[in-house]
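Notes follow the structure.
The values are calculated or read from the model by the stated rules, or taken from the named source; none is laboratory data. Here the structure is a predicted model, which is why all the values come from computation and not from measurement. Cβ placement follows ideal geometry from the backbone for every residue including glycine, while neighbour counts extend to all protein chains displayed.
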Amino acid sequence: MDKARSQTAILLMSLVMAVSALGAEKVYDVRDSGAKADGKTLCTSAIQKAIDQCSKDGGGTVYLAPGTFLSGTIYMKTGVTLRLAAGCTLLGSKDLKDYPPTVPTFRSYTDNYTDKSLIYAEKAERIAIVGRGTIDGQGGSFKGPYKVRPYIIRFIECRSVTIEDITIRNSPMWAQHYMACDDVRISGVTVRSRVNNNNDGINIDSCHRVIISDCNISSGDDAIVLKSTSARVCRDVTVSNCIVSSRCNGLKMGTESNGGFKNIVMTGCAIYDTRLAGVALEIVDGGTMDRVVISNITMDKIGAPIFLRLGNRARPFKPALSLSNGKDMERPGIGAMRNITISNIEATGANPTGCAISGLPEAKIENVTMSNLRFSFDGGGTKADAGRTVDERPEGYPEYSMFGKLPAYGLYCRHVKGLKLLNVQLQLAKPDQRHAVVLEDVEDAFVDCLDAQLSPEADTVIRLTDVKEVFVRDRGNKISEH
């Protein structure tokens with residue numbers, strides 16, 4: 001009994017201390033600095049004054065009450081939590097003059113993009129944007145090219161970042177860009193941004209240790225995308241329990257891949273009404289993609305369920321400022337893609353193009369395992385589609401449609417070493433004269449439990465061309481070799 005009482009006393013003391021600490025946190029109401037929540041008065045200076053004072057005093061919360069606060073660029077500082085109350089809107093100015101250029105010291109290919117942001121931070125620590133409020137970039141008001149349209153959130157080389165529960169609307173450019181940041185958590189964020197080009201939902205660029213969860217995104221460009229626009233690897237990232245829709249790709253890695261990707265997990269997501277690929281994995285600017293797990297994803301009305309591409313666009317991250325020798329950076333060599341696991345994916349309403357898993361003759365994708373897949377395609381392919389030769393296009397922009405309608409309505413795998421297709425079901429909405437699966441220049445492959453619909457006009461379920469050490473466990477599938 002004495003022990004139980006002692007434990008209870010300790011627990012109560014801990015709760016009192018936690019509540020006291022919370023109550024002691026300093027709160028800076030931007031209205032006390034002169035901000036007006038009328039949606040007309042430019043509040044940039046007042047909000048910035050509150051942020052600066054909060055950071056100077058050792059950190060705390062900068063509070064935006066219900067109402068509409070019009071602002072240009074504000075700069076987050078170490079120790080500051082920006083809290084948007086329910087009913088609050090931080091409204092981005094329509095005037096580009098309210099977004100002074102900011103060029104980070106960290107060099108990347110994004111030096112060639114816009115230098116404007118609504119909320120900017122560089123080398124800050126312990127920063128957060130939280131609350132049930134909204135950030136509206138009024139992106140439809142900006143008609144210029146992407147090089148002049150502001151990001152909504154841009155954090156560079158920051159540590160311990162939290163973005164939680166907010167809603168982001170109508171971004172002029174990317175809604176969120178986190179570059180070379182460590183220990184980032186993005187949770188419960190809603191993005192509604194389809195008012196302009198380049199309206200990516202979340203961009204994780206050259207970051208380490210990132211958790212994205214429980215987000216709901218409808219974006220004009222890629223919904224959730226990992227990039228490496230610098231020499232710094234993007235690594236140790238999880239994406240889970242998100243719902244996404246996009247005019248481009250749902251979940252993507254690339255196109256910029258200079259520093260590569262390592263230890264990435266995407267799981268438990270729903271993708272719908274997405275014009276391009278549900279999941280796109282791309283290495284085209286050098287770099288190595290290694291140890292990627294994609295699992296437990298449902299998709300409906302997408303261009304293609306999956307797209308894997310190892311190409312050779314070879315674009316350097318080339319800073320806007322030249323190197324000390326006055327010369328541009330050398331083009332990167334061909335990168336690598338290996339150890340990719342894709343499992344438990346269900347997709348319906350995929351268009352007739354098919355899924356490409358395509359490396360290069362001199363650089364094969366290595367060790368890909370795809371299991372427990374159930375894909376349904378629109379169908380409608382012809383004999384001519386089944387027999388066509390697919391161009392290599394090593395320098396082409398990587399997109400699921402880059403090769404045109406593929407010889408396979410389901411999976412077209414080319415230049416791959418180490419491939420497993422296990423328990424794959426491929427279905428058609430209407431007849432298709434193409435093969436279900438084509439393996440071309442594939443080495444060391446194992447196909448088991450393939451259940452693929454075959455139209456009467458189609459020749460074979462599987463076509464093998466220039467393959468080595470390929471084993472197909474026969475389930476009565478018609479197979480052709482060339």
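In region 190-203, the residues that are outside any strand (DSSP E or B) form no Cβ pair under 7 Å with any partner that is of a type in the set (S, T, N, Q) and at pLDDT below 95, whether six or more places apart or across chains. Within region 284-296, the set of residues being under 21 Å from residue 338 (Cβ atoms) and in contact with a Gly (Cβ under 9 Å, 6 or more places away or on another chain) comprises 284, 285, 286, 287, 288, 289, 290, 295.
For region 313-331, the condition of being modelled with pLDDT of 95 or more, closer than 19 Å to residue 276 by Cβ and out of contact with any Ser or Thr (no Cβ under 7 Å at 6 or more places or on another chain) holds for at least one residue. Filter region 381-392 down to residues that are closer than 23 Å to residue 445 by Cβ, surrounded by fewer than 21 Cβ atoms within 10 Å (Cβ to Cβ) and among the small types (Gly, Ala, Ser), then give me how many there are. Of the residues in that region, 1 qualify. Checked against the criterion of being buried (at least 17 other Cβ atoms within 10 Å of the Cβ), in contact (Cβ under 8 Å) with a residue 12 or more places away in the chain, under 30 Å from residue 216 (Cβ atoms) and among the hydrophobic types (A, V, I, L, M, F, W, C), region 307-315 contains one or more residues that satisfy it. In the set 40, 3, 56, only one residue is basic (Lys, Arg), more than 31 Å from the chain's Cα centre (by Cα), farther than 21 Å from residue 134 by Cα and modelled with pLDDT of 65 or more; that residue is 56. When region 393-413 is filtered for residues that are within 13 Å of residue 311 (Cα to Cα), surrounded by fewer than 16 Cβ atoms within 10 Å (Cβ to Cβ) and either free of Cβ contacts under 8 Å to residues at least 40 places away in the same chain or not charged (D, E, K, R) (or both), the ones remaining, listed by number, are 396, 397. For region 205-217, a tally of residues being over 20 Å from residue 399 (Cβ atoms) and crowded, with 21+ Cβ neighbours inside 10 Å returns 5.
The residues on offer are 143, 116, and the sole one that is at pLDDT 95 or above and either more than 25 Å from residue 229 (Cα to Cα) or basic (Lys, Arg) (or both) is 116. Among the conditions (1) aliphatic (A, V, I, L, M); (2) farther than 23 Å from residue 197 by Cβ; (3) surrounded by 24 or more Cβ atoms within 10 Å (Cβ to Cβ), residue 293 misses just one, which is (3). Can you say whether residue 337 is modelled with pLDDT under 95 and either over 15 Å from residue 303 (Cα atoms) or assigned to a strand (DSSP E or B) (or both), as far as the supplied structure shows? It is false that residue 337 is modelled with pLDDT under 95 and either over 15 Å from residue 303 (Cα atoms) or assigned to a strand (DSSP E or B) (or both).
The numbered conditions (1) surrounded by fewer than 24 Cβ atoms within 10 Å (Cβ to Cβ); (2) among the hydrophobic types (A, V, I, L, M, F, W, C); (3) not in a strand (DSSP E or B) are all true for residue 174 except (1).
Residue count for region 261-291 under the criterion of being within 13 Å of residue 233 (Cβ to Cβ) and without any contact (Cβ under 8 Å) to a residue 40 or more places away in the chain: the result is 4.
In region 57-81, the residues that are on the phi > 0 side of the Ramachandran plot form Cβ pairs under 7 Å with partners that are part of a strand (DSSP E or B) and of a type in the set (A, V, I, L, M, F, W, C), at six or more places apart or across chains, as follows: 59/80; 60/27; 67/88.
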